Amino acid sequence: MDIAKSVIVITAAGTPTGRAMAEYFCRLNARVALVDTDSPTLQTTYENCLKVGGICYSFCLPSRSVENISHLFTEVNREMGAVDVLINYWQAGGGVPSLLASNTIVDQTLADQTIADVASNLYLFGRGAAINMLDCGRKGVIVNIPGLGSANEASLNLDSSNAVIRGLTQSWAQELEHANIRVGGVLPRMRHYDDGVVHYHSAINYDMIDGAAYIVENDSFTGRILEAAS
């Protein structure tokens, strides 16, 4: 797929990584739809993209509901044309907790929040994009990317988060193969430290952005995961 001729939707565009991703694709002359629920940070991303000469629109969602996400893709179609690419950037705080964690670690509120994050940032946006691409007859691409964890997160949570991305990427690729919609994922490589714990770097990982661009451009890439260098 030619990035310069593509309409690319980027979720969590107001975050540092989402902003860097948006600026990157704007520099490659894509038409970029910026999506977030935080209006001030989304506005900052929009202004930065304009400074680099990008063709972009910002879409601030009041919430990540099925109705709002469906309306989002309708609005993107109207303002920018049919969607070619979804950069499905997952922001989910502390990752997926262990099923065997004690009650003192995992309470109902934490479980509900984790499930809500997974559903809204991965499934709902992925579903909305896939339906839109099917309706418009586009040979589209969905790229799943997890939010970068803080340096203090435990390796179990990181492994669990990666497992969610891997599983959904592979199952969606199989489901959407008949529609010529490709699905790939980019994961930040985990690094071991002297304390024996595995961490992510919280800073923006530009190799992840390069990986997303590679997946979009490579028409044979689907159902697979790239590991970005740390």
If packing is taken as the average count of other Cβ atoms within 10 Å, what order do 164-177, 76-89 fall into, highest mean first?
76-89, 164-177
Rotationally averaged projected area of the range 1-79 (alpha carbon convex hull; nm²)
4.8 nm²
Potential extension, Glu79-Ser63 segment - 0.36 nm per residue separation minus Cα distance:
3.7 nm
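Taken together, the values in this text are just the output of simple stated rules run on the coordinates, not laboratory data. No experiment lies behind these values; they were computed from the predicted model shown. Backbone-built Cβ (ideal geometry, glycine too); neighbour counts: all protein chains shown.
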